[in-house]
Amino acid sequence: MNTLEFLQTILPEEGFKFVGLGRVGREGIAHKAYESLELMAQAIESYDAQSNLIVYHACCSYKAASYEAEVNGITKTKFRGAQNWDKAKSFWIDIDCGEDKAAEGKGYLNKIEAAKAILGFCKTHQFPQPMLVDSGGGLHCYWPLTKPIGPNSWRAIANEFKAALNAAGLLADPTR
């Protein structure tokens, strides 16, 4: 599966989609908005070829490329806030791996153990197997939907899914 096919599988066609760019050794992320998945895929491939960049993607679409919000009495330009969220076309989790994460009880020793855990959960609970993506420090797991859904529907289902993962003892990053 190439970059465009991946994005078409997990993201809505409509709305603005974001790529986040970090620079190795520096704080902060620059947000780049794209109206088409084709342009987003081309940009990701170009950015990924640059060794000084760390490339991320947002997992849903947004209504606007940016918006103004008041933060502590100051108007700031924002990008991916909840009020700008348009639709999602997948559910996702992040599973961290490594000795430190495993020792803290916040992840698995390695990606093989993480994959076994999530695939075991899916088999036990008769849940579809996810798309597994190597994220560098762990695994990202995606469950694509056949059509995009709005944030209220997405959150309701995601909260139930998160509760089921927790009840099963799966060590997924709770912030994702």
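Using a Förster distance of 45 angstrom, determine the FRET efficiency expected from the C-beta separation of A103 and S36, and round it to 0.05.
Working: r = 43 Å, r/R0 = 0.97.
Computed FRET efficiency for A103 and S36 comes out at 0.55.
Give me the net charge for the shell around A69: Cβ to Cβ below 12 angstrom, other residues only, Lys and Arg +1, Asp and Glu -1. The partial results should precede the final answer.
Values: positive: K76, K78, R80; negative: E68, E70.
Value of the local net charge: +1.
Give, in nm to one decimal, the length gained when the segment between T75 and A43 is fully stretched (0.36 nm per residue of separation minus the Cα-Cα distance).
Details: separation 32, 0.36 × 32 = 11.52 nm, distance 2.94 nm.
Extending this stretch completely gives an extra 8.6 nm.
Just want to confirm a number: the relative contact order over the chain, from Cα pairs under 8 angstrom separated by 6+ residues, in percent.
Working: 296 pairs, mean separation 36.4, N = 176.
Across the chain, relative contact order equals 21 percent.
Can you show me the helix-derived [θ] at 222 nm for the chain, built from DSSP H runs with n ≥ 4 at -39,500 (n - 2.57) apiece and divided by the number of residues, rounded to the nearest 500.
Values: 5 runs with 57 residues, N = 176.
Helix contribution divided over all residues of the chain: -10000 deg cm²/dmol.
Once you charge only the Cβ atoms, +1 for Lys and Arg and -1 for Asp and Glu, what is the size of the charge dipole of the chain about its Cα centre, to the nearest 20 debye? Walk me through the numbers on the way to the answer.
On the way: 19 positive and 20 negative charges, 66 e Å.
Its charge dipole is roughly 320 debye.
Determine the share of the chain's accessible area contributed by carbon and sulfur atoms, expressed in whole percent, with a 1.4 angstrom probe. Kindly include the intermediate steps, with their values, before the conclusion.
Working: 5260 of 10350 Å².
Whole-percent figure for carbon plus sulfur exposure: 51.
Just to be sure I understand, if you calculate volume of the Cα convex hull per residue in Å³ for this structure, which of [x] 131; [y] 186; [z] 145 do you get?
[z]
Pick out, from A65, N2, A156, the residue whose Cα sits farthest towards the positive end of the charge dipole of the chain, with +1 on the Cβ of Lys and Arg and -1 on the Cβ of Asp and Glu.
Farthest towards the positive end: A156.
Post the alpha-carbon centroid distance, segment 145-176 to segment 86-111, in whole angstrom.
With segment 145-176 and segment 86-111 each reduced to a Cα centre, they are spaced 13 Å.
Roughly what % antiparallel, to the nearest 5, for the DSSP beta bridges in the chain? Write down the numbers at each step before the final one.
On the way: 31 of 32 bridges.
Looking only at bridges with both residues in the chain, the antiparallel portion is about 95 percent.
Quick one: accessible area per residue over segment 1-122, 1.4 Å probe, rounded to a whole number of Å²? Show your work: numbers first, answer last.
Numbers: 6810 Å² over 122 residues.
I get 56 Å² per residue for segment 1-122.
Could you tell me which residue out of V19, L39, A117 lies farthest along the dipole of the chain toward its positive end? Charges go on the beta carbon: Lys and Arg +1, Asp and Glu -1, centred on the Cα centre.
Checked the options; the winner is A117.
Classify segment 19-93 as rounded, prolate or oblate from the Cα gyration tensor: take a ≥ b ≥ c as the square roots of its eigenvalues, call it rounded if a/c is under 1.5, otherwise prolate when a/b beats b/c and oblate if not. Provide the component values of the computation, followed by the final result.
Details: a/c = 2.00, a/b = 1.25, b/c = 1.60.
Oblate, since a/c reaches 1.5 and b/c is not below a/b.
Take W143, W92 and sort them by solvent-accessible surface of the protein heavy atoms, 1.4 Å probe, largest at the top. Intermediate results must be reported in sequence, preceding the final value.
Details: W143 15, W92 45 Å².
Reading off the accessible areas and sorting them downward yields W92, W143.
Estimate the FRET efficiency between K123 and T175 by the formula 1/(1 + (r/R0)^6), using the beta-carbon distance for r and 35 Å for R0, to the nearest 0.05. All intermediate terms of the calculation are to be shown ahead of the outcome.
Numbers: r = 26 Å, r/R0 = 0.74.
About 0.85, to the nearest 0.05.
The values are calculated or read from the model by the stated rules, or taken from the named source; none is laboratory data. In this text the structure is predicted, and so the values were computed from the model without any measurement. When we count neighbours, we look across all protein chains shown, and the Cβ atoms used for this are built from the backbone with ideal geometry, even at glycine. Please note that ligands, DNA and RNA were not included when accessible areas were found on the heavy atoms of the full protein model with its side chains. Shrake-Rupley method; radii C 1.70, N 1.55, O 1.52, S 1.80 Å.
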